[in-house]
Amino acid sequence: MLLSGLIAVYSGTSASQISAQIIDDSSVDAIKTISQIYTSNKSTAHSKLFSQVKQVAQFEEKDFLEDIVWSPNSKYLAISGGRSGSVKVIEIANNINVFERSYQESLRSSNLTWSPDSQNLAINGLVQLLNPREEIDEIDIFDIATGKQINQIQHIGEISKVLWSPDNKHIASTDFGSLHTVGLNSKLRVFETVTGEEVLQVNHNKSLLDAQWSPDGQYIATASRDRKARIIDINSRNVIFELTHAHSVREISWSPDGQYIATSSLLGSKIMNLLSGQLIPFINEQVQEVVWSPDGQYLATSTLPESRDISDINIFEFSTGRKIAYVDHARTRVKSKQWSPSSRYLMTAGYDKTMRVMDIQRGQEILKLTYDYVTQDFAWSPDSRYVVIANGKRARILSIPSGLEVAGIDHDELVTNVLWSPDGRYVASANSSPRPVVKVLQVYN
């Protein structure tokens with residue numbers, strides 16, 4: 001655990017390799033304390049909590065791993081991959097396969113999306129056709145309990161996104177459009193979950209880059225290369241707002257309360273109050289991404305201030321628009337960033353092989369971890385006390401804010417994916433080709 005007033009910078013993965021920079025004159029003995037915690041884990045609360053960590057499942061794919069997703073209720077893990085386009089669903093508690101489907105190379109990919117109630121699984125991928133000028137992408141929806149297919153949706157052109165509405169009533173899909181037709185004609189389509197009836201279709205003149213449901217499922221917003229963000233009312237089936245930008249709209253995100261929507265564009269971001277329809281002057285930098293904190297009080301933006309080879313993270317207090325923190329990864333690009341579920345921390349992984357943690361309450365960086373490899377992926381535990389990271393050939397579980405490794409699992413190849421189950425009981429990790437393997441740890445009993 002981090003001592004009061006202590007900010008530490010670590011490098012290495014063992015006690016002998018740990019180095020810490022102490023930004024506090026009164027904490028001279030802190031390095032010794034940190035080393036003692038690391039080497040005497042059996043006497044710490046972390047050791048007690050993770051003393052029964054065990055591997056409970058392992059799955060192998062023949063060629064490559066396409067997707068891996070926990071069900072919202074944490075009961076199932078869905079995995080897709082291999083040249084056969086296989087999809088399997090495992091009930092983790094009993095380590096049994098409850099669903100399997102092979103597409104016999106009929107699909108070039110198979111991406112997975114769970115319904116919010118964990119009852120249905122959507123599988124989508126490009127269909128292999130004899131005529132290479134035709135591109136048909138399909139979504140197959142299955143009832144996991146019965147194994148029966150309950151709906152199929154087809155698009156002309158590659159599907160870019162599949163989204164269940166938070167209220168489970170609708171499923172939406174977007175595509176990039178067909179390059180072989182006159183005009184790109186990229187589409188948003190919305191279907192009723194129960195009947196499969198298509199209730200909405202909105203055409204866009206250029207590719208759709210993003211789409212997001214509002215938290216209450218009443219609206220869906222789209223971002224497009226046509227420089228517009230659109231907000232559509234599902235009940236009236238009308239576009240109720242359009243936000244025009246000077247450049248392509250790359251991403252769109254709702255505030256957790258659904259009252260505001262933020263857009264990302266290379267020539268500036270816009271935030272709109274959905275109730276009043278008024279824009280809020282806020283961020284004028286070249287913005288790649290805007291991410292709300294889970295409590296809606298803060299915004300983290302990825303900006304491109306000088307060139308596409310570097311990126312900065314700025315953190316704003318939403319109520320005042322004041323910039324309260326800044327993350328700099330040694331003038332390299334930031335690979336990923338995530339808010340902790342508690343909204344207190346923002347963790348970033350950079351191509352400079354470091355991971356950094358910002359304490360939002362203190363407005364400063366409290367932890368820097370340096371590794372021999374770029375961290376490929378990371379995920380917070382639901383209680384915000386731990387992070388699992390994919391670094392090198394190991395999935396590491398770190399205590400936050402100390403950064404100490406309290407558990408982990410090794411792979412034979414580079415670990416590319418890590419996922420904490422929504423209930424916090426399990427951690428899944430997966431390594432890359434040529435022999436993809438998925439391993440599941442039970443971290444809480």
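In region 331-387, the qualifying residues are those that are in contact with a Pro (Cβ under 6 Å, 6 or more places away or on another chain) and among the small types (G, A, S), and the one that is surrounded by the most Cβ atoms within 10 Å (Cβ to Cβ) is S343. When the strands (runs of 3 or more DSSP E) confined to region 232-276 are screened for residues that are under 25 Å from the mean Cα position of the chain (by Cα), those reaching at least 3 such residues are found at 249-254, 260-265, 270-273. Determine whether region 363-372 contains at least one residue that is within 19 Å of W292 (Cα to Cα) and not in a strand (DSSP E or B). Looking for residues that are within 19 Å of W292 (Cα to Cα) and not in a strand (DSSP E or B), one finds at least one in region 363-372, hence yes.
When S160, S214, S165, S115 are checked against the criterion of being at pLDDT below 90, within 26 Å of P294 (Cβ to Cβ) and out of contact with any Lys or Arg (no Cβ under 7 Å at 6 or more places or on another chain), a single residue qualifies: S160.
Counting just the residues of region 60-85 that are among the polar types (S, T, N, Q) and buried (at least 19 other Cβ atoms within 10 Å of the Cβ), which one comes out modelled with the lowest pLDDT? That would be S80. Restricting region 417-441 to residues that are at pLDDT 95 or above and among the hydroxyl-bearing types (S, T, Y) leaves a set whose member that is nearest to the chain's Cα centre (by Cα) is S421. Taking S399 as meeting all but one of (1) touching a helix residue (DSSP H, G or I) at 6+ places or on another chain (Cβ under 7 Å); (2) within 21 Å of D312 (Cβ to Cβ), write down the number of the exception. Tallying (1) touching a helix residue (DSSP H, G or I) at 6+ places or on another chain (Cβ under 7 Å); (2) within 21 Å of D312 (Cβ to Cβ), S399 fails exactly one: (2). Selection of region 373-393 for residues being of a type in the set (A, V, I, L, M, F, W, C), touching a Phe, Trp or Tyr at 6+ places or on another chain (Cβ under 9 Å) and assigned to a strand (DSSP E or B) yields A379, W380, V387, V388, I389, A390.
The set of residues from region 220-231 being closer than 14 Å to H204 by Cα and assigned to a strand (DSSP E or B) comprises A221, T222, A223, S224, K228, A229, R230, I231. Which members of region 63-102 meet the condition of being under 23 Å from L414 (Cβ atoms), outside any strand (DSSP E or B) and either within 23 Å of the chain's Cα centre (by Cα) or touching a residue at least 40 places away in the same chain (Cβ under 8 Å) (or both)? Scanning region 63-102 gives D63, F64, G82.
In region 279-293, which residue that is over 12 Å from E251 (Cα atoms) and at pLDDT below 90 is surrounded by the most Cβ atoms within 10 Å (Cβ to Cβ)? Of everything passing the filter in region 279-293, I283 is surrounded by the most Cβ atoms within 10 Å (Cβ to Cβ). For region 92-105, the set of residues classified as over 14 Å from G125 (Cα atoms) and either surrounded by 16 or more Cβ atoms within 10 Å (Cβ to Cβ) or modelled with pLDDT under 80 (or both) consists of I92, F99, listed by residue number. Residues of region 327-353 that are part of a strand (DSSP E or B), over 19 Å from the mean Cα position of the chain (by Cα) and either within 19 Å of A390 (Cα to Cα) or not charged (D, E, K, R) (or both): V327 alone.
When V194 is tested against (1) part of a loop (DSSP other than H, G, I, E, B); (2) touching a residue at least 40 places away in the same chain (Cβ under 8 Å), just one condition goes unmet, and that condition is (2). Cβ-Cβ distances below 9 Å connect no pair with a first residue in region 231-246 that is over 15 Å from G277 (Cα atoms), a second residue that is surrounded by fewer than 10 Cβ atoms within 10 Å (Cβ to Cβ), and a separation of six or more residues or different chains.
Of all residues in region 294-318, those being small (G, A, S) and modelled with pLDDT of 90 or more number 2.
The values are calculated or read from the model by the stated rules, or taken from the named source; none is laboratory data. Quick caveat: nothing in here was measured; it's all calculated off a predicted structure. Note: ideal-geometry Cβ built from the backbone for every residue, glycine included; neighbour counts use all protein chains shown.
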